[in-house]
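The values are calculated or read from the model by the stated rules, or taken from the named source; none is laboratory data. All values reported here derive from a predicted model rather than from experimental measurement. Note: ideal-geometry Cβ built from the backbone for every residue, glycine included; neighbour counts use all protein chains shown. Areas reflect the complete protein model, heavy atoms only, side chains present, ligands, DNA and RNA absent. Shrake-Rupley method; radii C 1.70, N 1.55, O 1.52, S 1.80 Å.
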Amino acid sequence: GCVLVVSVIEQLAQWHNSTVKAAMERLCDYIPGKYQIMCHMLCCIDREMNADVVCHSLRLCKQDPGQLLCHLYSPPKKQKHSSGLFHALAYTRPKCQIRSKSFLGFSSVCAFPLLASLCEKIKYVLRNKLPFEDFDGDKFSTFPTLRGYHWRGRDCNDKSTNVYPGRRPDNWDAKSDSNCNGIWGVDPKDGIPYEEKFCKGADSKGVILLGDSAGAHFHIPPEWMTVTQMSAKSFANLPMAFSDELDWPQFSEITGFLNSTIGGWTDSLYLRLRKRNRCNHRDLQNISQNGTGGRLIQEIRSGLARTQLLDNPAIVIYATIGNDVCNGERDTLAHMTTPKEMLSNVVQALQYLDSHLPNGSHVILTGLVDGRFLWDNLHDRYHPLGQLNKDVTYSQLYSFLDCLQVSPCSGWLTPNETLRNLTSERALQLSNVLKEIARSEKFDNFDIFYMDFPLRQTAEEWRKMGGEPWQLIEPVDGFHPSQIAAALGTGITWQRVLHEWPQVLGKENPFNDQIEAIFKDQGGH
């Protein structure tokens, strides 16, 4: 974090030909409100020192005895190895010592008083996977972030536990909208409730994603660190992003429902289901967690909002596409999920789903991705932090994160080709476990299917459109699928399901146009 902020400040000074102090003030002006406290953390920045030297001088990073100093940039020119940092630090540390002592108490952004309250809220939603603002306790909210309606359908009455998206209508919603799909009341022409007229027998169903950070749609905006285009507008989405855990589920491949503001476009399984049957409006849940592996049972138990007696069936997408093989450990292979563990974890989760999903539901297991795609397409390209001076490649970023032991995936984000191949081999073994589960296991309340993660088809489709493979990867973390990849993946997944398992998607509602026309006449949308 320190290296990132110092890099941006130094590059702002370079780009605007200003002092470091003026650059810091410029950055603070860009950042909204209470978040400005984070940009006042740093002094003793000198344009002659790179960010590695400054941050090690402030003693922000733990360093075990005998461990080399981690660095993002090339070491100072006098000595082209990490001991060159020791030489620079011997000169720099005395100047920073007083400041670093006062700064150590704020080594976490959550230690700043102005941000402490928000951090507590975020810790709550991370712990419970539930909306922070939920007055009736039905697991749905009228608030967008902090696991609110960006993550699951928007509640239309947060004072009643009997009103929430996805439930079967109460008395055909003649008097009020109990399932929040916007369809309620009685047609004055014939006295028939609109919900009965348009949605009875329409095979309504919701979509639920059980996933990891890719499913939550993790994204750090590159404009936060691209100084050539930086302005106050660049950071306007910082408060929202922070309170959504740097995830953007509202634009995601499975549950996206808003027009993307982070590049590309939004296309999702939910939007296509809604278009197929307007009665499915707002019936979505994204129960994904950054860092979640195959053991999803705890997230499902706390986060799933579905009851067998009262709610519509659901399409559940089970997609932990990387975290069972991805970790930041030095002995990464030893910390990967084994096929035996995968079998146990997934069957346990499916058994829980069988006891909670309404009859007529469907579950699709998604295989793991082949992450060799990341190194092959990014390692020699410049990261957003390195584009100004052509001094930081993704290979350098991956090595830096690995040294700090915070790599999102030591097995794939590495120059070690043997390790990359072994990681992909394990991913294939785990995908085969999922495939066998779909083939052999039977459940009372849902049928089950398997599909490969459509990376190869997505890349082919993007090439046909004139794109480059690296554009399918998030530019800042160099790891997650980008907005373009998410949107293209939706189309590929939809066509596969439509042609092979059409029963999953349900019938097309012949009354969709009439429903929209009535909304339009009444001034709604």
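General observations
- At most 12 other Cβ within 10 Å, DSSP loop - trypsin sites (Lys or Arg not before Pro), segment 189-237: Lys189
- Bridge type composition, the chain - antiparallel percent by DSSP, nearest 5: 20
- By a 1.4 Å probe calculation restricted to protein chains, Asp177 has an accessible surface near 30 Å², given to the nearest 10.
- Carbon and sulfur %, accessible surface of the chain computed with the full protein complex present, 1.4 Å: 53
- Taken along the Cα-to-beta-carbon direction at a fixed 7 Å, the label points for Asp521 and His335 span 6.1 nm.
- Protection-proxy order for peptides 246-253, 420-427, 126-133, each taking the mean of Cβ atoms within 10 Å per residue, highest first: 246-253, 420-427, 126-133
- Selected from Thr226, Leu269, His56, residue furthest toward positive end of dipole (the chain; charges at beta carbon): His56
- Segment 377-525 shape via C-alpha gyration tensor axes, a/c threshold 1.5: oblate
- For segment 498-512, the residues whose backbone nitrogen is under 19 Å from a point 7 Å from the Cα of Ile192, taken along Cα to Cβ, are 507-512.
- Gain on full extension, evaluated as 0.36 nm per residue between Asp29 and Tyr352 minus their Cα-Cα distance, stands at 111.3 nm.
- Förster radius 22 Å - calculated FRET efficiency between Glu436 and Gln405 (Cβ-Cβ, nearest 0.05): 0.05
- Protein-only accessible surface order, largest first, of Asp203, Asp212, Asp170 at 1.4 Å: Asp170, Asp203, Asp212
- Given charges at beta-carbon only (K, R positive; D, E negative), |dipole| of the chain in Debye: 1140
- Listed options for Rg and Dmax of the Cα atoms in Å are (i) 35.6, 114; (ii) 25.1, 87; (iii) 27.4, 98. The value calculated from this structure is the one marked (ii).
- Under 17 Å from the Lys275 label point (7 Å along Cα→beta-carbon), backbone N, segment 460-498: 484-498
- Probe 1.4 Å, protein heavy atoms only - accessible area per residue of segment 293-418 in square angstrom: 39
- Relative contact order of the chain, defined on C-alpha pairs under 8 angstrom at six or more residues apart (%): 14
- Computed lengthening from Lys123 to Arg456, 0.36 nm per intervening residue step minus Cα-Cα distance: 116.2 nm
- Ranked from largest to smallest solvent-accessible area, with a 1.4 Å probe on the protein heavy atoms, Phe479, Phe140, Phe511, Phe135 come out as Phe135, Phe511, Phe479, Phe140.
- Expressed to the nearest 5 percent, the antiparallel share of DSSP beta bridges inside segment 206-508 is 10 percent.
- Segment 123-156 and segment 462-525: distance between their alpha carbon centers, rounded to Å: 24
- Since only Thr490, Pro469, Val5 are under comparison, the one whose Cα sits farthest along the positive direction of the charge dipole of the chain, derived from C-beta charges on Lys, Arg, Asp and Glu, is Val5.
- Maximal additional length on extending the Glu500-Leu419 stretch stands at 25.6 nm, based on 0.36 nm per residue less the C-alpha distance.
- In this structure, the residue pairs whose Cα-Cα separation is over 27 Å, taken from Lys189/Lys520; Lys139/Lys233; Lys464/Lys520; Lys205/Lys442; Lys123/Lys340, are Lys139/Lys233; Lys464/Lys520; Lys123/Lys340.
- Near Gly206, the amide H atoms lying under 5 Å from its own belong to Ala314, Ile315; only residues 5 or more places off or on other chains count, and H is placed 1.01 Å from N.
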